[in-house]
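The values are calculated or read from the model by the stated rules, or taken from the named source; none is laboratory data. All of these numbers come straight from a predicted model, not from anything done at the bench. Reconstructed Cβ throughout: ideal geometry from the backbone, glycine too, with neighbour counts over all protein chains shown.
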């Protein structure tokens, strides 16, 4: 029983991080049909932000890094994606690849290829034991931040005029413009939200890994895509379900695989993803959407 | 109110609408009829700002609006009820009404929503329901109510009777008559030629992307039938 709860806690920690990665990717795809590969670089910028601002106290550094990522997300939309808005999905995707590689290489130029270590409070790497179940500080942090962010996003989408405009835009962007919703405002707002989510994810990843490096956005962004694809591209609830399944699947294979196969765990996890997509190519929650 | 002059709209190298010119005066109800693919929806889309015209001008009260964005044009007092209604199915009925008032920041939005619910009782009954659950006729009422929420001076209606049961069609045409009586200028695109001729002050017949004739009433029906396909086919209008 204790063991089962332990696995559940591990899965929850992983799933909440994955949800923070997948939600913004699903949100941007839902609104403008863009698969934003450069989302990973927003996370990277957030991590370097924590490194740069490390001289001040941690809460202030975290806040400044968050602002930095939001500004970077807005600048990314304005400079790279607005000029190609309305283009084919392929053009948008290739643009996001270009932005991604550009930012990675700028980071390499500025900070070099060696990871920059970032000090985080030791309490976050400590483990507390509750009734035989070990919970890492970073797990509590992930789950807590994910719940706050997802809850905040749900309230924002359901109960604000801007959230309603975003929902309408995600369903039918042209019609939303026809009732007077300003396309630029909705898309900028969506990028700002995705930037905020990237900043929070960066904080968790830095606490976990202890450092910032130029290519650190790659794995998170792939996880984000896989989770959104599993759930059904463009669907927020689908992204959440995909993130939970991916987190739970990863922990499940970790536990069930024999020791000698454990290093190949991800092969099994993504094999499972492949099977799921073969059975349901549209994802778990199929969404209707119209491209901008 | 609305002046379209020499309008040409292209899809790639194909002209869907070529050299279309017409006027809609203040308070008028003007029909635009024609067969499928004649260019009716394309014309409305250009006026609403969804499609950029290749040539020609579109003026609202003397001001050029061609090539402006849809969100700018709706602020000029032009609201479109699109083909297929396109209500926001994932939003509630009430939210659809509220979002129709996106361009307004006055404090009468709430009382306007109340007025819409009085006018369309079904919208009150299903106010908190997802709009996607409404029937076709109910969705059409919602689409028109949503457009009215912006307090338009010119209402563009794209085939509002399409796919509706006969009783609903009657209700829709009656509603359009009421709106005209309230002083809203209306440009009505329809397949239902007879009903449009009965209602409209003037009806333009569009065939193969050009204006084929102008009709003034039901007495022109025979001629309209001939103009419909450029005289090649007999159609029931």
>> So residue A:252 passes all but one of these: (1) within 14 Å of another protein chain (Cβ to nearest Cβ); (2) touching a helix residue (DSSP H, G or I) at 6+ places or on another chain (Cβ under 8 Å). Which condition number does it fail?
In response: (1)
>> Just to check your reading of the model, which residue among A:141, A:233, A:153 is more than 14 Å from chain B (Cβ to nearest Cβ), at pLDDT below 95 and either in contact with a strand residue (DSSP E or B) (Cβ under 6 Å, 6 or more places away or on another chain) or outside any helix (DSSP H, G or I) (or both)?
In response: A:233
> Where in segment B:15-113 are there helices (runs of 4 or more DSSP H), lying wholly inside it, with at least 3 residues that are within 13 Å of the chain's Cα centre (by Cα), within 14 Å of chain A (Cβ to nearest Cβ) and surrounded by fewer than 21 Cβ atoms within 10 Å (Cβ to Cβ)?
Replying inline: none
> Got a sec? Which of A:174, A:250, A:215 is outside any helix (DSSP H, G or I), surrounded by fewer than 23 Cβ atoms within 10 Å (Cβ to Cβ) and touching a residue at least 24 places away in the same chain (Cβ under 8 Å)?
Replying inline: A:215
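Matching residues to (1) under 17 Å from the mean Cα position of the chain (by Cα); (2) within 30 Å of residue A:158 (Cα to Cα); (3) surrounded by 15 or more Cβ atoms within 10 Å (Cβ to Cβ):
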{"residue": "B:119", "(1), (2), (3)": "no, yes, yes"}
{"residue": "B:197", "(1), (2), (3)": "yes, no, yes"}
{"residue": "B:202", "(1), (2), (3)": "yes, no, yes"}
{"residue": "B:224", "(1), (2), (3)": "no, no, yes"}
> So which of A:181, A:241 is buried (at least 18 other Cβ atoms within 10 Å of the Cβ), modelled with pLDDT of 95 or more and either closer than 30 Å to residue A:78 by Cα or within 19 Å of the chain's Cα centre (by Cα) (or both)?
Replying inline: A:181
> When residue B:186 is evaluated against the numbered criteria (1) in contact with a helix residue (DSSP H, G or I) (Cβ under 9 Å, 6 or more places away or on another chain); (2) free of Cβ contacts under 8 Å to residues at least 60 places away in the same chain, which criterion, by number, is the only one it fails?
Replying inline: (2)
>> Of the residues B:161, B:150, only one is facing chain A (nearest Cβ under 10 Å), in contact with a helix residue (DSSP H, G or I) (Cβ under 7 Å, 6 or more places away or on another chain) and not in a strand (DSSP E or B); which?
In response: B:150
>> It is to be established whether one or more residues within segment B:120-129 are more than 14 Å from chain A (Cβ to nearest Cβ) and under 20 Å from residue B:158 (Cα atoms).
In response: yes
> Taking interchain pairs and intrachain pairs at least six residues apart, which have beta carbon atoms under 6 angstrom, with the first residue in segment B:215-228 and farther than 18 Å from residue B:29 by Cα and the second surrounded by fewer than 17 Cβ atoms within 10 Å (Cβ to Cβ) and at pLDDT 85 or above?
Replying inline: B:227/B:213
>> Quick check on residue A:168: is it in a helix (DSSP H, G or I), touching a helix residue (DSSP H, G or I) at 6+ places or on another chain (Cβ under 9 Å) and without any contact (Cβ under 8 Å) to a residue 40 or more places away in the chain?
In response: yes
> Being outside any helix (DSSP H, G or I) and touching a residue at least 60 places away in the same chain (Cβ under 8 Å), is that true of even one residue in segment A:83-104?
Replying inline: yes
> Would it be correct to say that residue B:135 is surrounded by fewer than 15 Cβ atoms within 10 Å (Cβ to Cβ), within 23 Å of residue B:83 (Cα to Cα), without any contact (Cβ under 8 Å) to a residue 60 or more places away in the chain and away from every other protein chain (no Cβ under 13 Å)?
Replying inline: yes
>> So, in segment B:36-52, exactly how many residues are in contact with a strand residue (DSSP E or B) (Cβ under 7 Å, 6 or more places away or on another chain) and within 21 Å of residue B:228 (Cα to Cα)?
In response: 7
